[in-house]
Amino acid sequence: MRAVPEYDAKAWLLKALRETAHAMEALIWELDEDALERSPSDGEWSVRELVLHMNAMERRYVERLERIVRLDKPKIDAFDGDSIEAGAARDDDDDECIAFEAMDEFGVRRQQVVYLLWSLDDADWERQGVHPYLGPLSITQCAREMNEHDLAHLWQLRRLCDLYAAAPA
């Protein structure tokens, strides 16, 4: 009988974070332009807007993590992921950005995060930044927050893609 491998939270988080971009791309790959732009109902994001939002959040996570790695207990910016509009994902005209370009940008940023986290030793994972409302936040806590954000939006993206695949326009 083979021994059950010991659970390694850091390795699991790295794997989950690494796979998000691939999962998102696989979900949207077959959608046509209309499905990418269509909002399922008033107030809900389209697939393109969702990808742009993920991109905006990834930029903030990269900045946060790099700041914590470089500095000792730095002040880190507060941001509410739910309030970050899809339009915050790019500095240029959002209408010019298609979902696949935003997906590529997200993938590059996520790879940057995974490489950064992979390079850290166990002590580095406990390095902290100081959040204005939450107090000290470790790199481990930030990585978990990223994963939870990913899971929520992967579920949302899956729901949209299933809806559009089942009911063509």
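The values are calculated or read from the model by the stated rules, or taken from the named source; none is laboratory data. Quantities reported herein were computed from a predicted structural model and do not represent experimental measurements. Positions of Cβ are backbone-derived with ideal geometry, glycine not excepted, and every protein chain shown enters the neighbour counts.
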Review point. Considering segment 113-151 alone, what residues qualify as being over 16 Å from K73 (Cβ atoms), of a type in the set (G, A, S) and surrounded by 12 or more Cβ atoms within 10 Å (Cβ to Cβ)?
Key: A143
Point to revise | Count - residues of segment 1-20 that are of a type in the set (A, V, I, L, M, F, W, C) and either crowded, with 19+ Cβ neighbours inside 10 Å or modelled with pLDDT of 90 or more (or both) | key: 6
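The rows are residues; the columns are (1) in a loop (DSSP other than H, G, I, E, B); (2) crowded, with 20+ Cβ neighbours inside 10 Å; (3) modelled with pLDDT of 90 or more.
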{"residue": "H22", "(1), (2), (3)": "no, no, yes"}
{"residue": "G43", "(1), (2), (3)": "yes, no, no"}
{"residue": "H53", "(1), (2), (3)": "no, yes, yes"}
{"residue": "A78", "(1), (2), (3)": "yes, no, no"}
Study note, to complete from the structure: By residue number, the members of segment 11-69 that are hydroxyl-bearing (S, T, Y) and under 30 Å from D124 (Cα atoms) are T20, Y61
Exercise for review: Determine if segment 65-76 includes at least one residue that is basic (K, R), at pLDDT below 85 and assigned to a loop (DSSP other than H, G, I, E, B).
Suggested key: no
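Identify all residues within segment 24-36 that are assigned to a helix (DSSP H, G or I) and more than 20 Å from the chain's Cα centre (by Cα); write none if there are none.
Step one: list which residues in segment 24-36 are assigned to a helix (DSSP H, G or I), which gives 24-28, 33-36.
Matches in segment 24-36: E33, D34, A35.
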**Study point:** Inter-residue pairs, beta-carbon under 7 Å, first of a type in the set (S, T, N, Q) and in segment 102-131, second surrounded by 19 or more Cβ atoms within 10 Å (Cβ to Cβ), 6+ apart
**Key:** Q128/I68
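State the number of residues belonging to segment 122-150 that are part of a helix (DSSP H, G or I) and either under 18 Å from the mean Cα position of the chain (by Cα) or of a type in the set (S, T, Y) (or both). Quick ask: steps written out before the conclusion?
As a first pass, look at segment 122-150 and keep what is part of a helix (DSSP H, G or I): 122-125, 139-150.
With the extra rule that they be either under 18 Å from the mean Cα position of the chain (by Cα) or of a type in the set (S, T, Y) (or both), the set shrinks to 139-150.
Going through segment 122-150 one residue at a time, the tally reaches 12.
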Review point. Of the residues that make up segment 35-57, is at least one within 17 Å of E101 (Cβ to Cβ), free of Cβ contacts under 8 Å to residues at least 24 places away in the same chain and of a type in the set (D, E, K, R)?
Key: yes
